[in-house]
Each structure stands twice: as structure tokens, then as C-alpha cells.
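Taking it in order: structure first as C-alpha cells, then the write-up.
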Amino acid sequence: MSDAAEILFERRGAIGLVTLNRPKALNALTLGMIRLFDPQLRAWDADPEVKAVVIRGAGEKAFCAGGDVVSLYEAGKAVKEGRGDTGPIRAFFSEEYVLNRRIKRLSKPYVALIDGISMGGGVGLSVHGTHRIVTERTMFAMPETGIGLYPDVGGTYFLPRLPGQVGIWLGLTGDRLKAADLLAIGAADAFVPSAGIDALIDDLAAGVPADEAIAAHRGDAGEAAVSAIRAAVDRCYAFDSVEAILKALEAEGTDWAAGQLATLRRVSPTSLKVTLAALRRGAKLDFEGCMVQELRLSLACLAGDDFYEGIRAVLVDKDKNPKWKPAELADVGPSDVERHFAEPAGGDLVFRD
């Protein structure tokens with residue numbers, strides 16, 4: 001499939017409509033898609049006839065299940081084996097983060113129709129927009145610690161800004177949320193039933209202002225399961241060390257806490273410590289500062305071992321049995337974390353406009 005077919009752009013009345021068009025790959029984001037999307041978004045932002053940008057995913061399963069991490073895995077393996085350079089890796093992350101920033105800074109309504117799975121890179125294409133629409137099919141997660149990464153695509157900016165310690169919890173565990181949960185924590189703006197999405201697009205294309213159009217199609221997402229655990233999340237995830245969080249969960253002594261401990265003991269110890277540090281630092285940075293930090297972190301993760309082991313275990317061999325290095329939290333020292341925050345060999349991320 002060509003890059004052109006992987007992402008579709010359409011001027012429909014008053015809107016620019018983006019369709020992520022890799023349904024068999026759950027609309028995972030490729031570098032080719034990013035390179036087409038960014039200039040199109042820039043053009044629509046400058047076009048006075050375009051009143052809003054609307055983005056959706058093709059198929060019934062996913063909005064966007066993340067970035068094309070298998071391509072990054074293959075590119076990184078080639079570098080480690082002396083068969084390539086880090087150019088494609090740096091390009092993917094840099095250009096993705098520039099696109100995330102463009103979405104964040106867009107001068108017009110950006111309506112993300114999160115109808116289905118939204119993980120990792122898909123979160124970056126939606127959560128920074130002005131109107132984040134969820135449906136009964138929405139499933140949100142930032143599961144990067146399970147593949148030896150950390151929640152990027154602006155995750156180090158938006159997660160620490162969620163209420164209480166919710167962002168720390170989601171970033172460390174990758175726990176999944178549904179529509180009502182996202183509304184309850186302020187990570188989404190409105191619930192529209194999946195069956196009403198096409199009519200919403202039609203209204204937006206007809207020039208109905210985004211707030212008005214969404215209000216006309218809004219539905220009830222139901223009860224938010226997250227509300228029942230909010231107090232426990234804030235109690236257990238309020239610490240600045242992963243070890244202290246584990247200790248708090250052990251003291252909590254509930255079934256929920258036991259599940260949390262099982263998750264945290266299964267994912268990458270290095271990723272846990274890097275993620276916690278990145279989220280605490282991200283709380284004090286502006287969006288651009290977080291994106292500069294994220295390029296540093298991403299390149300450092302791909303220069304290490306756990307990303308390759310995580311992708312192998314989850315997506316290549318699929319044995320779900322990663323062998324992390326180091327395998328224990330106690331063996332991840334402050335210098336191991338700090339090296340991820342150092343300026344990379346090719347310099348920091350630069351924004352040209």
C-alpha cells in the first residue's frame with residue numbers, strides 16, 4: 001500500500017476531513033502518514049474557508065492504535081548490527097512531535113473522533129485537539145512501559161496535568177480507560193454514540209460551529225468506573241520513586257492494588273523509572289519543552305535494550321515474556337535514568353515555525 005492511501009484528506013464543505021486509512025494495522029501511524037499530514041494541516045490552518053479539521057480512523061476497531069513501532073524496531077536493530085544509521089529513527093520521532101505541536105497550536109477547532117482503540121501515537125493525534133469526542137467503542141491506553149518505552153507524543157505534558165495522580169497511574173501502568181472514564185478525568189470533551197458520528201461530520205461540513213454540532217449529537221457515556229478508584233490512585237501514586245509507589249500499593253491491600261502491583265512488576269523497570277521522572281519534570285515544562293525532552297528520551301530508549309525486548313515479546317515472537325535488562329528496579333540507578341535526559345548526539349528537537 002502506498003503512503004498516499006494510508007491517510008486520506010478531503011475538503012468537505014466547511015471542514016478538512018482526515019481519515020487514517022490502515023484499518024488492518026489498526027490505523028497505526030507511519031512516517032509516510034506524518035509527512036503527508038503535517039503540510040496538509042498547515043495548509044488548512046491558513047485557508048479561511050476551512051472552519052474546522054476533523055480526524056477519524058477507518059474501520060470499526062480503531063481510531064489509531066499507536067505509532068509503527070515495528071518499523072522503529074527494525075531500524076534500531078539495523079543500527080545495533082552496524083547496518084544503518086539513526087536517521088530514520090530520529091526522523092520518525094522528530095516529525096511526529098512537530099505534528100503533535102501543530103495540532104496543539106492549530107488556530108481552528110480540531111475535532112478528533114476517537115471511535116475505537118486510541119493508544120500511544122493515536123493519543124498524540126487526538127488529545128491535543130480542541131474537541132475530543134469519545135464513543136461506546138473508545139478504548140484509551142498509553143501502554144509504553146510494557147514495550148520498554150515511556151508515554152511520548154506529548155504524554156509527558158498532558159498526563160501530569162490530569163487531576164490528582166491519574167496521569168502518573170496511567171503512564172506507569174498503561175491501564176485502559178473507556179469513554180466515561182476519559183470524560184471524568186478531563187481527557188475527553190463529549191460522548192457521541194458511534195451511530196451518530198456520520199451525522200456529526202455532516203453538520204460540521206455544513207458549517208455548524210463545532211460546539212453547537214457536538215451538543216446536538218451528544219449522548220450519555222454512563223458511569224465512570226475510574227471514579228471508584230480515584231482516591232486510591234491519588235494515595236498510591238503520589239510519590240517520586242517507583243519503590244515508594246509499590247510500597248503504598250502493598251499497604252493498600254485491595255484486589256485493585258494487587259492488580260496494579262502485578263502490572264508494575266511485569267513491565268520494564270527502566271521504563272518505570274524513566275517515565276516517573278519524565279512525568280514529574282513534564283509538569284513543570286511547557287509543551288515545547290516536553291517535546292524536546294521526549295526526543296531525548298525516545299532516542300535514548302532506542303539506544304538501550306528494553307525496547308527491542310519489549311517489541312520482540314509483544315509483537316514479534318508474541319511470547320509475552322520479556323527479559324528486561326536490568327530485571328529488577330533496584331538495579332536501575334539514578335545515572336541509568338539520567339542518561340535518558342541528556343542532549344542527543346544530533347542535537348535537540350528544533351521547531352521551525
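The values are calculated or read from the model by the stated rules, or taken from the named source; none is laboratory data. Note that this is a predicted model, so its numbers are computed, not measured. When we count neighbours, we look across all protein chains shown, and the Cβ atoms used for this are built from the backbone with ideal geometry, even at glycine. Calculation scope for accessible area: heavy atoms of the full protein, side chains included, ligands and nucleic acids excluded. Shrake-Rupley method; radii C 1.70, N 1.55, O 1.52, S 1.80 Å.
Looking at D317, is it over 30 Å from I103 (Cα atoms), touching a Lys or Arg at 6+ places or on another chain (Cβ under 9 Å), open to solvent by 60 Å² or more (accessible area, probe 1.4 Å) and among the acidic types (D, E)? No; evaluated as a whole, the condition is false for this residue. All told, S71 meets the bar of being open to solvent by 50 Å² or more (accessible area, probe 1.4 Å), touching a residue at least 12 places away in the same chain (Cβ under 8 Å) and not charged (D, E, K, R).
Of the residues making up the range 14-57, those that are more than 18 Å from V123 (Cβ to Cβ) and in a loop (DSSP other than H, G, I, E, B) number 7. The residue that is least open to solvent (accessible area, probe 1.4 Å), among those in the range 304-314 that are hydrophobic (A, V, I, L, M, F, W, C) and farther than 19 Å from P88 by Cα, is A313. Scan the range 193-232 for residues that are in contact with a strand residue (DSSP E or B) (Cβ under 6 Å, 6 or more places away or on another chain) and open to solvent by 70 Å² or more (accessible area, probe 1.4 Å) and jot them down. If the condition is that a residue be in contact with a strand residue (DSSP E or B) (Cβ under 6 Å, 6 or more places away or on another chain) and open to solvent by 70 Å² or more (accessible area, probe 1.4 Å), then R218 is the only one that fits.
Conditions tested, residue by residue: (1) open to solvent by 20 Å² or more (accessible area, probe 1.4 Å); (2) at negative phi; (3) touching a Phe, Trp or Tyr at 6+ places or on another chain (Cβ under 8 Å); (4) assigned to a strand (DSSP E or B).
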position: G171; (1), (2), (3), (4): no, yes, yes, no
position: D234; (1), (2), (3), (4): yes, yes, no, no
position: L261; (1), (2), (3), (4): no, yes, no, no
position: L264; (1), (2), (3), (4): no, yes, no, no
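Yes or no: the range 146-163 includes at least one residue that is in contact with a strand residue (DSSP E or B) (Cβ under 6 Å, 6 or more places away or on another chain) and not in a strand (DSSP E or B).
no
Close Cβ contacts (under 9 Å, 6 or more residues apart or on different chains) running from residues in the range 270-293 that are among the aromatic types (F, W, Y) to residues that are open to solvent by less than 10 Å² (accessible area, probe 1.4 Å) comprise F287/N100; F287/G154.
Close contacts from the range 320-343, counting a first residue that is on the phi < 0 side of the Ramachandran plot and of a type outside the set (A, V, I, L, M) and a second that is surrounded by 10 or more Cβ atoms within 10 Å (Cβ to Cβ) and part of a loop (DSSP other than H, G, I, E, B), with Cβ to Cβ under 6 Å and a gap of 6+ residues or different chains, come to W324/S268; K325/D305; P326/V332. Pairs please, first residue from the range 151-170 and within 16 Å of R230 (Cβ to Cβ), second anywhere and of a type in the set (F, W, Y), Cβ atoms under 7 Å, 6+ apart in sequence or on different chains. From residues that are within 16 Å of R230 (Cβ to Cβ), the pairs are Q165/Y237; I168/Y237; W169/Y237.
The residue that is nearest to the chain's Cα centre (by Cα), counting only those in the range 26-51 that are open to solvent by less than 40 Å² (accessible area, probe 1.4 Å), within 29 Å of E74 (Cα to Cα) and free of Cβ contacts under 8 Å to residues at least 60 places away in the same chain, is T30. If you check A330, A342 for being among the aliphatic types (A, V, I, L, M), within 30 Å of R102 (Cα to Cα) and surrounded by fewer than 22 Cβ atoms within 10 Å (Cβ to Cβ), only one passes: A342. Is one or more of the residues making up the range 193-208 assigned to a loop (DSSP other than H, G, I, E, B) and touching an Asp or Glu at 6+ places or on another chain (Cβ under 7 Å)? Within the range 193-208 (the criterion being assigned to a loop (DSSP other than H, G, I, E, B) and touching an Asp or Glu at 6+ places or on another chain (Cβ under 7 Å)), the answer is yes, since at least one residue qualifies.
If you go through the range 240-249 one residue at a time, do you hit one that is open to solvent by 60 Å² or more (accessible area, probe 1.4 Å), outside any helix (DSSP H, G or I) and either under 29 Å from V314 (Cβ atoms) or not basic (K, R) (or both)? Checked against the condition, which is being open to solvent by 60 Å² or more (accessible area, probe 1.4 Å), outside any helix (DSSP H, G or I) and either under 29 Å from V314 (Cβ atoms) or not basic (K, R) (or both), the range 240-249 yields at least one hit. Residues that are touching a residue at least 12 places away in the same chain (Cβ under 8 Å), in contact with a helix residue (DSSP H, G or I) (Cβ under 8 Å, 6 or more places away or on another chain) and within 28 Å of D203 (Cβ to Cβ) occur at least once in the range 79-100. The set of residues in the range 266-303 being in contact with a Cys (Cβ under 9 Å, 6 or more places away or on another chain) and open to solvent by less than 20 Å² (accessible area, probe 1.4 Å) consists of S271, V274, A278, G282. Per the listing A300, A278, A342, the residue uniquely under 22 Å from G155 (Cα atoms), modelled with pLDDT of 95 or more, among the small types (G, A, S) and under 17 Å from the mean Cα position of the chain (by Cα) is A278. Anything in the range 153-169 that is of a type in the set (S, T, Y) and open to solvent by 10 Å² or more (accessible area, probe 1.4 Å)? List them, or say none. Selection gives Y157 alone.
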